[in-house]
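Reading through the structure tokens given below for one structure.
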Amino acid sequence: MPVNNATLQPFGLLHGGASVVLAESVASLGAYNLIDQSTHYAVGLEINVNHIRSKREGMVTAVGVPLHKGRTTMVWEMKIIDEEHKLICISRCTIGIISINK
């Protein structure tokens, strides 16, 4: 994700909300790729984010790893790093797996 005018807060730092959106997007897409997409969909239930380091420009990348892959929920951990592989943010997100027929 680029760190630019669209993702900066008024003081010129990467907005925490942008990091949250990136983290939940990674968790949701990761979970979606692990389920039967013809019968279920994945939705965010809870997210926790710790902002470790600020960022004023450049790029950040999120990498997600499933910590729990259950039938009705998944828990994912995302690490957001910059181009120098410095940790910017860490997040944990619970994803609900919902039947399309409900």
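Here's the yes/no breakdown for (1) touching a strand residue (DSSP E or B) at 6+ places or on another chain (Cβ under 7 Å); (2) closer than 13 Å to residue 90 by Cα:
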{"residue": "9", "(1), (2)": "no, no"}
{"residue": "19", "(1), (2)": "yes, yes"}
{"residue": "29", "(1), (2)": "no, no"}
{"residue": "41", "(1), (2)": "yes, no"}
{"residue": "51", "(1), (2)": "yes, yes"}
{"residue": "54", "(1), (2)": "yes, yes"}
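Considering only region 41-62, state which residues are among the polar types (S, T, N, Q) and in contact with a Cys (Cβ under 8 Å, 6 or more places away or on another chain). Matches in region 41-62: 48, 50. Residues of region 34-50 that are in contact with a helix residue (DSSP H, G or I) (Cβ under 6 Å, 6 or more places away or on another chain) and among the small types (Gly, Ala, Ser): 42, 44. Go through (1) over 24 Å from residue 100 (Cα atoms); (2) surrounded by fewer than 19 Cβ atoms within 10 Å (Cβ to Cβ) one by one and return the number of the condition residue 55 breaks. Every listed condition holds for residue 55 apart from (2).
In region 20-71, of all residues being part of a helix (DSSP H, G or I) and of a type in the set (S, T, N, Q), the one that is nearest to the chain's Cα centre (by Cα) corresponds to 25.
Readers should treat all values here as calculations from the given coordinates under stated rules, not as data from a laboratory. In this text, all values refer to a predicted model and were calculated from it rather than measured experimentally. Positions of Cβ are backbone-derived with ideal geometry, glycine not excepted, and every protein chain shown enters the neighbour counts.
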